[in-house]
Amino acid sequence: MTIPDGLAGKDVCGKAPTGSGKTIAFGLVLVSKLKRAKPAQPTGLILVPTRELAQQVCDEIDLLDASRTLRSTAVFGGAGYGPQLRRIGSASVVVATPGRLEDLISRRDIDLRAVQIAVLDEADRMADMGFLPAVRKIMDRLPATRQVLLFSATLDGAVSELISRYQRSPVRHDASTPESEPDIEHVFELIPKDRRHTRIAELLQEHNQLILFCRTKHGADRVARNLESEGDRCAVIHGNRSQAQRERALDDFKRGRARILVATDVAARGIHIDNVPCVVHWDPPDDPKDYVHRSGRTGRAGKRGVVVSLVDPSQRRSVVRDMKSIDIDVQWASADAAKAPKVRPGDVGWLSGRPAPQTV
């Protein structure tokens, strides 16, 4: 949908669910249109919210650039400046988190005046107040003639401000149709935390691997320690981990050395891991939209996935309210019914995958 307009030089707004190929959509435009850049003067710029997504997007650009005409590099905080500066010197495409790129600009280590195409990936996250000031400063430095491609799960709120400020008559494409939604079964279980380790063991027996999301960094560490004390190898990823630790955790999970990836929402956006069968919400997210992004780590590229929310009884009402805001109808299922016969879409109780649940 977006590639023809991108190749034609138009500004593009793309709205699509997770795992729908947004990186390929803008990546093909960059590698098709850009030429090799002068040192530290990239012609392509991609802004992303997390370190892991920066490296992942950089790797995808390299795969798409079969002729090796361009060089891409990822720059992000939590890593040394030296190696990143050396790579910037020969890179035509820079994939960056806003904070580190802002630092490099202030140090005069990079010049953005030659940028021809700029991409705002995960723009709804980039529009949050934590990122927005840096994003504005960066975008304001780009030449007036640049092309801007913006991809987001939503195109309202602060995202609309970015659109009106930095795009010119953008062409809009929306791929978030019912047909394009991932094939994900959503399960909601009322279960106190002192009974959850048994439930995780059951889910591991059924799915072999899973990603488990916690709300806080300390909570993620605590849950991982408790699960490992029961013999389950865990990899942990959150903001207090060094870049090397985060990369090692993802690699351990991808290679099957760890059966559980325990993470905060730093891993909820953009990160692609092949064939993740199950996502578990140990804690509900602070923002209901993050439920969608967390859940999007499974059911990718046409695969089927299962998302299990373990909800403390005291959180029952707030979870129902939050899920209603993102158009998910909660049907509660007892964890004891986990081994009950599966039902098909359209049957009573199909949303939770359990027979005859209580609808709230």
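The values are calculated or read from the model by the stated rules, or taken from the named source; none is laboratory data. Here the structure is a predicted model, which means the values were calculated and not measured. Here the Cβ positions follow ideal geometry from the backbone for every residue, glycine too, while neighbour counts run over all protein chains shown.
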Does L149 satisfy the condition of being touching a helix residue (DSSP H, G or I) at 6+ places or on another chain (Cβ under 9 Å), in a strand (DSSP E or B) and either without any contact (Cβ under 8 Å) to a residue 12 or more places away in the chain or not assigned by TED's automatic domain parsing to the domain that holds D252 (or both)?
yes
Sort out which residues of region 96-123 are in a helix (DSSP H, G or I) and closer than 19 Å to Q56 by Cα, and write them in order of number.
P98, G99, R100, L101, A123
Every listed condition ((1) without any contact (Cβ under 8 Å) to a residue 24 or more places away in the chain; (2) surrounded by fewer than 13 Cβ atoms within 10 Å (Cβ to Cβ)) holds for S160 save (2)
When you check R136 against the structure, is it surrounded by fewer than 20 Cβ atoms within 10 Å (Cβ to Cβ), part of a helix (DSSP H, G or I) and not assigned by TED's automatic domain parsing to the domain that holds K35, yes or no?
no
If I ask for residues that are closer than 20 Å to P4 by Cβ and in contact with a helix residue (DSSP H, G or I) (Cβ under 6 Å, 6 or more places away or on another chain), which ones from region 33-45 would you list?
G44
Specify which of the listed residues (N240, N208) is under 19 Å from the mean Cα position of the chain (by Cα) and among the polar types (S, T, N, Q).
N240
Given H281, H293, which one is within 15 Å of P17 (Cβ to Cβ) and in contact with a Ser or Thr (Cβ under 8 Å, 6 or more places away or on another chain)?
H293
Close pairs from region 251-270: first without any contact (Cβ under 8 Å) to a residue 12 or more places away in the chain, partner part of a strand (DSSP E or B), Cβ under 9 Å, at least 6 apart:
D251/A235
I'd like to check something: does region 131-145 contain any residue that is modelled with pLDDT of 95 or more and among the aromatic types (F, W, Y)?
no
If I ask for residues that are surrounded by 17 or more Cβ atoms within 10 Å (Cβ to Cβ) and under 19 Å from H281 (Cβ atoms), which ones from region 233-248 would you list?
C234, A235, V236, I237, H238
Could you say whether any residue in region 194-207 is touching a residue at least 60 places away in the same chain (Cβ under 8 Å), among the β-branched types (V, I, T) and outside the structural domain of H272 (by TED's automatic domain parsing)?
no
Any residue at all in region 64-73 that's touching a strand residue (DSSP E or B) at 6+ places or on another chain (Cβ under 9 Å), of a type in the set (S, T, Y) and on the phi < 0 side of the Ramachandran plot?
yes
Residue identified as surrounded by fewer than 22 Cβ atoms within 10 Å (Cβ to Cβ), farther than 26 Å from R165 by Cβ and assigned by TED's automatic domain parsing to the domain that holds Y166 among R113, R71:
R71
Condition check: of a type in the set (A, V, I, L, M), more than 21 Å from the chain's Cα centre (by Cα), under 27 Å from V266 (Cα atoms) and not in a loop (DSSP other than H, G, I, E, B). Does L63 satisfy that?
no
Within region 217-232, track down each residue that is in contact (Cβ under 8 Å) with a residue 12 or more places away in the chain and loosely packed, with under 15 Cβ neighbours inside 10 Å.
E230
Are any of the residues in region 173-188 in a loop (DSSP other than H, G, I, E, B) and closer than 20 Å to K10 by Cα?
yes
